[in-house]
Amino acid sequence: MSYEFVKGESEITELCKGKPVYLLVIGNTRTAEVPGITVAGANPELIKYTPPADAELLYHGRCLSIDTVPATPDGKPTPALISYTALRLTAIPFFVVNSGLMVEPKIPFVELNAPVGENIAERRAMDAEKVREVIERAKILGRKMSKLADVLIVGESIPAGTTTAAAVLKALGFEPAVSSSMPENPLDLKKQVVEMAVRRVESNDPIEVLAAVGDPVMLGVIGLALGSEKPVVFAGGTQMVAIANLVARMGEVDAVIATTKYVASDPNADLSLSPFPVVAADPMLGKSKYKGLRAYEEGFVKEGVGAGGLTLMAYVRGLEPEKFLEEIEKDYANIVS
């Protein structure tokens, strides 16, 4: 199966055959500065460049803010590569949304004037009033974008986003089970950060939870979803599970989460916590001739930049899985190797 529902069912995938619009929401949290919490960048100094570089890759097939493609320290490429291939083949229109970046990308983007998220291990993430303002701005964008489309696909790129997601889930009363870009998920470290962070949560009100332990990308995604007049595909993994639970508490949204099979099969991730149906797509990277791509099957990277949702788009719109893999490999050869 190139894709399958791992929780519930939905007709939203049918809408993806029509006119989808993809929105990539990017930002930063200083939680990524906790040593060992993320490998979303070849070294700590590069982490702040990962989201803008991911976005640049989608536009140009190369990064402008840094000399190389965002990668793990040993060279496994960003999931933006998969998203780039899917967007290239489907010609789906897409827009980049700045929701709390440290470094602006060298491409056109929509500005939400969101703050950079603070390190939730040390202090509250954001000011509550600012949280409300950014969500309201994103709602306007979601409403306008949805007039162009049958369905909005919303992805994200933010290093350490699974840690803030775990903190949000914990603050909402769940036992957080989140994925990681590493096979050896730094669970103990994440747990320590989450435990320190949730002590600052004063209630389970969504705005309070976001202000205490969230990140700015969550604000952009939540606002887009709440503002949309059309169904929404949350393209991502466990970060989108946290976001979806906040959205479900804040309004009525017709939505699914679309992720990769690598997240769905991760024993550390619990997609059943999603209030919406969940569909998992298989980019077939385990069959690749390239070691860097096969690493996804082995538990590295797994998801990000909307890779699962855009893989689903490619399949729903008629692309054969073997052809999709072949095209990913072509782009890998041109861009990475």
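Miscellaneous remarks
- Subset tally (residues that are open to solvent by 20 Å² or more (accessible area, probe 1.4 Å) and over 30 Å from residue 60 (Cβ atoms)) for the stretch 94-120: 1
- Filtering the stretch 197-207 to residues that are in contact (Cβ under 8 Å) with a residue 40 or more places away in the chain and either under 8 Å from residue 167 (Cβ atoms) or open to solvent by 70 Å² or more (accessible area, probe 1.4 Å) (or both) leaves only 197.
- Residue check: residue 272 meets all listed conditions (1) open to solvent by 10 Å² or more (accessible area, probe 1.4 Å); (2) in contact with a Leu (Cβ under 7 Å, 6 or more places away or on another chain); (3) assigned to a helix (DSSP H, G or I); (4) over 20 Å from residue 69 (Cβ atoms) but one, namely (2).
- Residue 239 vs. criteria under 26 Å from residue 316 (Cβ atoms) and open to solvent by 10 Å² or more (accessible area, probe 1.4 Å): yes
- Residue 153 of a type in the set (Val, Ile, Thr) and surrounded by fewer than 23 Cβ atoms within 10 Å (Cβ to Cβ): no
- Number of the exception - residue 222 against (1) modelled with pLDDT of 95 or more; (2) farther than 16 Å from residue 97 by Cβ: (2)
- Exactly one residue among 187, 169, 226 is among the aliphatic types (A, V, I, L, M) and open to solvent by less than 10 Å² (accessible area, probe 1.4 Å), and that residue is 169.
- Across the stretch 192-250, the number of residues qualifying as touching a Leu at 6+ places or on another chain (Cβ under 8 Å) and among the aliphatic types (A, V, I, L, M) comes to 15.
- Residue check, residue 64 at pLDDT below 95 and assigned to a loop (DSSP other than H, G, I, E, B): yes
- Which numbered condition residue 244 fails, given (1) touching a helix residue (DSSP H, G or I) at 6+ places or on another chain (Cβ under 8 Å); (2) among the aliphatic types (A, V, I, L, M); (3) at pLDDT 95 or above: (1)
- Residues being crowded, with 24+ Cβ neighbours inside 10 Å and either in contact with a His (Cβ under 6 Å, 6 or more places away or on another chain) or assigned to a loop (DSSP other than H, G, I, E, B) (or both) - total across the stretch 285-337: 6
The values are calculated or read from the model by the stated rules, or taken from the named source; none is laboratory data. Model, not experiment: these values are computed from the prediction. No Cβ is skipped: glycine too gets one built from the backbone with ideal geometry, and neighbour counts run over all protein chains shown. To get the accessible areas, we keep the full protein, side chains included, count just its heavy atoms, and leave off ligands, DNA and RNA. Shrake-Rupley method; radii C 1.70, N 1.55, O 1.52, S 1.80 Å.
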